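Below: one structure, written as structure tokens.
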Amino acid sequence: MTKPLRMIAASALALAAGLAPAWAQRSDVTVAMQLEPPHLDPTGGAAGAIDSVLYANVFEGLTRFTESGEVVPALAESWEISEDGLTYTFTLREGVTFHDGTAMTAADVKFSLDRARAEDSTNAQKQLFAAIDTVEAVDPRTVRVTLAQPDGMFLFNMAWGDAVIVAPESIGEIKSRPVGTGPFRFEDWVQGDRVELTRYADYWGEAPALEAATFKFISDPTAAFSAMMAGDIDAFSAFPAPENLPQFEADPRFQVLVGSTEGETILSTNNAQPPLDEPLVRKAIAHAIDRQAVIEGAMFGYGTPIGTHFAPHHPAYVDLTDMSAHDPDLARELLADAGYPDGFTTTLKLPPPSYARRGGEIIAAQLRAVGIETEITNLEWAQWLEEVFTSKNYGLSIVSHTEPMDIGIYARPDYYFQYDNPEFQALMEELNATTDAAARTEMLQDAQRMIAEDYVNGYLFQLAMTTVAKADLRGLWANAPTQAVDLTGVSWAE
Amino acid sequence: MLRYTLKRLISLGVSLAVASLVIFLVVEVAPGDPAAFMLGINAEPEAVAALRAELGLDVPKWQRYLDWVGGMATGDFGTSYTYRTTVAEMIAERLQVSLPLALCALALSTALAFPAGIYAAARRGRAGDLAVMGATQLGIAVPNFWFAMMLVLLFSITLGWFGAGGFPGWEAGLWPGLKALTLPAVALALPQAAILARVMRSSLIEIMGEDFMRTARAKGLTRRQALWRHGVRNALIPVLTIIGLQFAFLLAGAIIIEQVFYLPGLGRLIFQSISARDLIVVESVVMLLVFAVIVVNFLVDLAYAAVDPRLRRRT
């Protein structure tokens, strides 16, 4: 070896040696998702993307969800509930500070809850706070919440991203510069491209393994595939193209996490529009649908069949899929009994997600087989909200209801299903007033049966959560008990 | 030249006024409420109403139109409903991607098209011409998003020379920024270059049949000299028109390419705003693009006059 060559070889070796530990110690991550948050205030918008970036990372509430959907203490380390279930006394954790350095106290909790339930509040889930009568800051570490009526869901409600604790002085800029108490602080948002977070040094809890995290927004499924394959991103949360998942599964460089979401995907039915106002007709539709075919065809096999509006991973879930088993002959019979031996025509209005567009074509074919013709219209989300959701000008639609534990929407007669059953409404009221776990489970099961027996909607499947990640990334949530990409436990394998 | 410029300026003003009205009407007529979109399907009607009031959506439409036009006249494009930042700021940020991208693509397409067009015209009917024509035919026929995906497949996934998309921002440095724009610029430029080369070729061929070209040859210029001194300059008019149109297209029409490479450009801003019914952003961005197209056309008109003195005298 000549001298210069030796030098090059030596420096190359040195370079490699210098780089190797740098790889092993990688402490940043780039996670992509399809939708960009419109702004960064989880208490002022329904967009799931806001929570995906911020929930548990930047913002925390009194309680929080774990990966399995359990509600555990967060900023409140403990609480006491009065005998009558009306007074909740929360003891806050010690040493919690906001990212601007100020201490998080009972006054901030009072401010956050009062802001969410105020007259002019634009909280997208205002009903979470409906039961609250007063919020008092007893001392800096004690908050007393008095309810107007008992609410068995109260602790659960406080775990939502819409109920996180915000810093009063940050409200003016919260939509672009969020200030929370979480393990990561907001660093930068390059609109249209990415949000950057860095580790918050003074976090009250266990410090996360990651020092920095970047959320990238890639809306096009093909681009998502390319970005993953090219190694530009480390993980893609809720990967948008299920057809590509087998390829990732077969590739040793990647892992595919399949979990469950809170998204009940249903064939929404306008219960006030003839002939769909006839329970027999709705029952016929339910039996005309072959769920498994929809799951295979629209979701490439990812999804769990459901027979009612309830998440199958929830302990109170009852499997009622048999009540609407695929049986075209029975469906035709039921239609004849209802007075429609030759079927009828209705509308099927579909929002943009592929579960709706692909699923819609399959369901239309299944309905046609029993004599029901559907006129399919593809709508954008904004149009869908206007035509279907607000104006209720539709016969059938397909939507995934992604809010956790949202069976209560069936008690709202003006909700777009237009399902008006006083018995169900009474049951929900009773449920809200019950705090005993066993009694609640029983009531939830009754509620599931009631809407299944009334065939309010066609119940299709629980939306699966599919995350693609590099093989050596650890600690990502497989499930999505709420829309969150919790990075607190994420790390790189040695 | 002054009268010509003045006349063009007046027509520019009228076009802008008409455009603002049309844009506002079209955008407002489309169904969909931005407040309902933002609050989703669990929201209570009162929260939606509160948000509508907060966004100023509860005032009559004509008043919103006047506010919008009045604001734009003073340089205030309004505030985005969803992002809650000023539209001017958002546009400025997106232009940092879209403008360099459009310019790169335009420079690239011109650099490819001129030599190719001139070469083909000079060798009309021979093998070189046929090769160029075949290649441009292919360039026009291939959809640019497909071509973009092929580029990603080859250069990002297989070779790993470029990222598959995204934009690090100019603050990351000139080189990383340009690197991120390379593949999108190539994908945008090739079809444009193909069109431009064909226009250049046919324009030149037409010019070469003109009397003055024969005169030029008669006074002793070689074919090549005549082509360069008299042909190319005269052939430029239709080519300039196309370049003007292409620039406007590249600025706004890169939506699909921006989608494929997930670049935070103007096209994607429009796309996102339309689906979120962020009306004020859609209106202002479209208005800005109309403005750009009209101004570019105005400049092209002036450029004609510069290239062709007859146009100046005629008006």
(request) Would you please calculate the Kirkwood hydrodynamic radius of segment B:221-273 over all C-alpha pairs and express it in Å, rounded to one decimal? (result) 13.5
(request) Summarise the long-distance tail of P(r) for segment A:255-332 by giving the % of C-alpha pairs beyond 21 Å. (result) 36
(request) Could you let me know the centre-to-centre spacing of segment B:186-227 and segment B:1-58, using Cα atoms, in angstrom? (result) 45
(message) Using alpha carbons only, how many angstrom separate the centre of segment A:442-494 from the centre of segment A:333-411?
(response) 23
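Sorted by average packing, counted as other Cβ atoms within 10 angstrom per residue and highest first, what order do A:232-240, A:292-300, A:359-367 take?
A:232-240, A:359-367, A:292-300
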(request) Return one number: the angle in degrees, 0 to 90 and rounded to the nearest 10, between the long axis of the Cα atoms of helix B:2-29 and the longest principal axis of the Cα atoms of chain B. (result) 40
(request) Would you kindly calculate the mean projected area, averaged across all directions, of the convex hull enclosing the Cα atoms of segment B:141-250, in square nanometres? (result) 9.6
(message) Students often check this: by mean Cβ neighbours within 10 Å, which of B:72-82, B:254-264, B:204-214 ranks highest, and how do the rest follow?
(response) B:254-264, B:72-82, B:204-214
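D for segment A:60-167, whole µm²/s, Stokes-Einstein with Kirkwood Rh over alpha-carbon pairs at 10 °C and 1.306 mPa s: what number? Spell out each step's value before the answer.
Numbers: Rh = 13.9 Å.
The calculation lands on 114 µm²/s.
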(request) Could you tell me, in Å, what Rg and Dmax come out for the Cα atoms of segment A:261-464? (result) 16.0, 50
(request) Between A:Asn421 and A:Ala148, with labels modelled 7 Å along Cα→Cβ, what's the label distance in nm to one decimal, could you check? (result) 2.7
(request) Report the relative contact order of chain B, percent, no decimals, based on alpha-carbon pairs under 8 angstrom and at least 6 residues apart. (result) 28
(request) Positive end of the charge dipole of the protein assembly as shown (Lys, Arg +1 and Asp, Glu -1 on Cβ, about the Cα centre): tell me which of A:Phe417, B:Leu181, A:Pro178 has its Cα farthest that way. (result) B:Leu181
(request) Kindly state, to the nearest 0.05, the FRET efficiency for B:Leu302 paired with B:Arg229, given R0 = 25 Å and r defined as their beta-carbon distance. (result) 0.60
(request) Normalise the Cα radius of gyration of segment A:353-494 by 2.2 N^0.38 Å (N = residues in it) and let me know the number. (result) 1.33
(request) In Å and from the alpha-carbon atoms only, list the Rg and Dmax of segment B:90-275. (result) 19.2, 64
(request) Could you pull the Cα extents of segment A:416-494 along its three principal axes, largest to smallest, in whole Å? (result) 57, 31, 19
(message) How shielded is A:226-235 by partner chains, expressed as the average number of their Cβ atoms within 10 Å of its Cβ atoms?
(response) 6
(request) Rounded to the nearest 0.05, what FRET efficiency do A:Ala336 and B:Val22 give with R0 = 51 Å and r taken as the Cβ-Cβ distance? Could you check? (result) 0.45
(message) Which chymotrypsin sites (Phe, Trp or Tyr not before Pro) in segment B:138-207 sit in a loop by DSSP (not H, G, I, E or B) and have at most 12 other Cβ atoms within 10 Å of their own Cβ?
(response) B:Trp161
(message) I need the phi-derived Karplus couplings for segment A:357-363: 6.51 cos²θ - 1.76 cosθ + 1.60, θ = phi - 60°, integer Hz, Gly and Pro marked x.
(response) 5, 6, x, x, 5, 5, 5
(request) Pairs of lysines 8 or more apart, or on different chains, with alpha carbons under 30 Å: count those in the protein assembly as shown, would you? (result) 17
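Net charge near A:Val190: determine it from the other residues with C-beta under 12 Å of the C-beta of A:Val190, scoring Lys and Arg +1 and Asp and Glu -1.
Summing Lys and Arg as +1 and Asp and Glu as -1 gives -4.
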(request) Averaging sequence separations of C-alpha pairs under 8 Å and six or more residues apart, then dividing by the length of segment B:155-291, give the relative contact order as a whole percent. (result) 23
(message) In whole Hz and in residue order, list the ³J(HN,Hα) couplings for segment A:32-39 that follow from phi through the Karplus curve 6.51 cos²θ - 1.76 cosθ + 1.60, θ = phi - 60°; x for Gly and Pro.
(response) 9, 9, 6, 9, 8, x, x, 7
(request) Could you tell me which of A:Gly303, A:Leu210, A:Met229 has its Cα farthest along the dipole of the protein assembly as shown towards the positive end, charges placed at Cβ (Lys, Arg +1; Asp, Glu -1), taken about the Cα centre? (result) A:Met229
(message) Compute the helix-to-body angle for A:422-432: its Cα long axis versus the longest principal axis of chain A, expressed 0 to 90° and rounded to tens.
(response) 30
(request) Among A:Gly371, A:Ala167, A:Ile266, pick out the residue whose Cα is farthest towards the positive end of the charge dipole of chain A, where Lys and Arg carry +1 and Asp and Glu carry -1 on C-beta, about the Cα centre. (result) A:Ala167
(message) Suppose every Lys and Arg Cβ carries +1 and every Asp and Glu Cβ carries -1, with no other charges. What dipole size does the protein assembly as shown come out with about its Cα centre, to the nearest 20 debye?
(response) 7260
(request) Give the long-range amide H neighbours of A:Tyr459: residues separated by 5 or more places, or on another chain, with amide H under 5 Å away, using H modelled in the peptide plane at 1.01 Å from N. (result) A:Leu267
(request) Rounding to the nearest 20 debye, state how big the charge dipole of segment A:261-464 is about its Cα centre with +1 on each Lys and Arg Cβ and -1 on each Asp and Glu Cβ. (result) 500
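Nearest 20 debye, what's the magnitude of the dipole of segment A:205-339 about its Cα centre given +1 on Lys and Arg Cβ and -1 on Asp and Glu Cβ?
On the way: 6 positive and 20 negative charges, 29 e Å.
So the dipole magnitude of segment A:205-339 works out to roughly 140 debye.
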(message) At 7 Å along Cα-to-Cβ for each site, give me the label-to-label distance between B:Ile10 and B:Met150 in nm.
(response) 5.1
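What is the average number of partner chain Cβ atoms found within 10 Å of a Cβ in B:162-170?
6
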(message) When 1/r is averaged over all different Cα pairs and the result inverted, which Kirkwood radius in Å belongs to chain A?
(response) 24.5
(message) Between A:Thr345 and B:Asp58, what is the label-point separation in nm under the 7 Å Cα-to-beta-carbon projection?
(response) 4.2
(request) Find the relative contact order for segment A:117-237 and round it to a whole percent, using C-alpha pairs within less than 8 Å whose residues are 6+ positions apart. (result) 12
(request) Can you figure out the FRET efficiency of A:Val258 with B:Phe291, using R₀ = 56 Å and their beta-carbon distance, to the nearest 0.05? (result) 0.70
(request) Provide a whole-number value for the mean count of partner chain Cβ atoms within 10 Å of the Cβ atoms in peptide A:114-124. (result) 4
(request) Quick one: which residues, 5+ away or cross-chain, put their amide H under 5 Å from the amide H of A:Thr142? H built at 1.01 Å from N. (result) A:Leu92, A:Ala106
(request) For A:Thr30, enumerate residues with amide H under 5 Å from its amide H, sequence gap 5+ or separate chain, H modeled in the peptide plane. (result) A:Thr214, A:Asp234, A:Ala235
(message) For a test of the definition: using alpha carbon positions, the gyration tensor, and the 1.5 limit on a/c, classify chain B as rounded, prolate or oblate.
(response) oblate
(request) Arrange the peptides A:438-444, B:287-293, A:44-50, A:92-98 so that the one whose residues have, on average, the most other Cβ atoms within 10 Å appears first. (result) A:44-50, B:287-293, A:92-98, A:438-444
(request) Calculate how steeply helix B:279-307 sits against the longest principal axis of the alpha-carbon atoms of chain B, using the helix alpha-carbon long axis, and give the answer as 0 to 90 degrees to the nearest 10. (result) 20
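All of the numbers you see were taken from the coordinates with simple rules; none came from a lab. The model shown is predicted, which means the values in this text are computed figures rather than measured ones. A quick note on method: Cβ atoms are made from the backbone with ideal geometry, for glycine too, and the neighbour counts reach across all protein chains shown.
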